[in-house]
Each structure stands twice: as structure tokens, then as C-alpha cells.
1. With each pseudo-label sitting 7 Å past Cα toward Cβ, what's the Leu12-Arg118 distance in nm, one decimal?
2. Across the chain, how many lysine pairs, 8 or more apart or on two chains, come within less than 26 Å at their alpha-carbon atoms?
3. Return the carbon/sulfur percentage of the accessible area of the chain, one whole number, probe 1.4 Å, all protein chains in place.
4. Counting only C-alpha contacts under 8 Å and six or more residues apart, can you give the relative contact order of the chain as a whole percent?
5. Would you compute, for the Cα atoms of the range 41-99, the largest minus smallest coordinate along each principal axis and list the three values in descending order, in whole Å?
6. Can you work out the FRET efficiency for the pair Tyr78 and Thr3, with r the C-beta to C-beta distance and R0 = 30 Å, to the nearest 0.05?
7. Which three extents, in angstrom, do the Cα atoms of the chain have along their principal axes, listed largest first?
8. Quick one: net charge of Lys57's neighbours, Cβ under 13 Å, K/R +1, D/E -1?
Amino acid sequence: MMTNEHLTLEQLEADVWPEPDVHSHLVTTCHRLRKKPLSDFSTEDLRIMLGQSIGAKHLLPRAIEILRKNPFAEGDFYEGDLLVAVAHHLQNISQLNSEDAEHLLGVCVAAIESFDPRLNKANTSAIEQLIGRLRNQLHR
């Protein structure tokens, strides 16, 4: 379990964002979530932030904990949306230590091998790309 889960992304990154210039739902939500303790993050919060590649270094381990229990964990969109958000932002995995990378690889392989109809072709492809990247990263 993470020892810094009582901290916010702002505290962990020592970076307080100014008030947003744009007041879209996504922008204001991301700004709000940077002030929320990691321990209070929901699956949906993780999906949003990782989908925007915000705070990956600190949020990916928490997301992986959830995905290890259920590769098809869902936020507000559909079953599996958390894994899909992670898979569609491959730049986030460079933040992973080898143990977390191994765990995420296991989650991805389990999801693909399940042949679950919840994974459409595009999402399956994204997860397969993530598998390839994780394998490359682990075998360097």
C-alpha cells in the first residue's frame, strides 16, 4: 500500500496549478482532483486523471491495485474503462517501477486472454500495444 496516500498531487509534485482559464467540466475536474488526497480517489477519478496523463507517477500504482482485483474495473463510462484509459496513454508507463510494470502486464494479459466481449477491437489493440511496451520495458 502507498505511504503517501494522504497527500494530494499538488503536494506530491510541489506544483499548485493556477485557477483554470477554461471552465469546461474536464478542466475544472482535473484541477479539483489535484487537490484531493490520493486515498479519496475513486476509479472514475483515476480514469479521468490517467486519461489526461496527469499525475501518472503517483496514480498508476493505485490504479494497478484496483485493476489487479478486477481488470474490468469501471469509472462512469463502461466496464474496463480504467484499463482502457491506461492503455491509451502509453507514455504513462515510463513512470512505473518494475514490480508495478509486472503487475500491469499480468492485468493486461488476463484481460486479453479472457476474450471478454466488453473489449472492442480498438481497446483490445490498445491493450495489446501496452503489453508490448511493458514487455520491452521489463526486458531492457
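The values are calculated or read from the model by the stated rules, or taken from the named source; none is laboratory data. Since the structure is predicted, the reported quantities are computational estimates derived from the model, not experimental observations. Every residue, glycine as well, gets a Cβ built from its backbone with ideal geometry; the counts of neighbours run over all protein chains shown. For the accessible areas, the whole protein counts, side chains as well, though only heavy atoms, and no ligand, DNA or RNA atoms are used. Shrake-Rupley method; radii C 1.70, N 1.55, O 1.52, S 1.80 Å.
1. Calculated label separation equals 2.4 nm.
2. 5
3. Values: 3820 of 7630 Å².
Using a 1.4 Å probe with all protein chains present, the chain comes out at 50 percent carbon and sulfur.
4. Working: 157 pairs, mean separation 27.3, N = 140.
Computed value for the chain: 20 percent relative contact order.
5. 26, 22, 19
6. Details: r = 32 Å, r/R0 = 1.08.
It comes to 0.40.
7. 43, 30, 23
8. Working: positive: Arg62; negative: Glu13, Asp15, Asp100.
Every neighbour counted, the sum reads -2.
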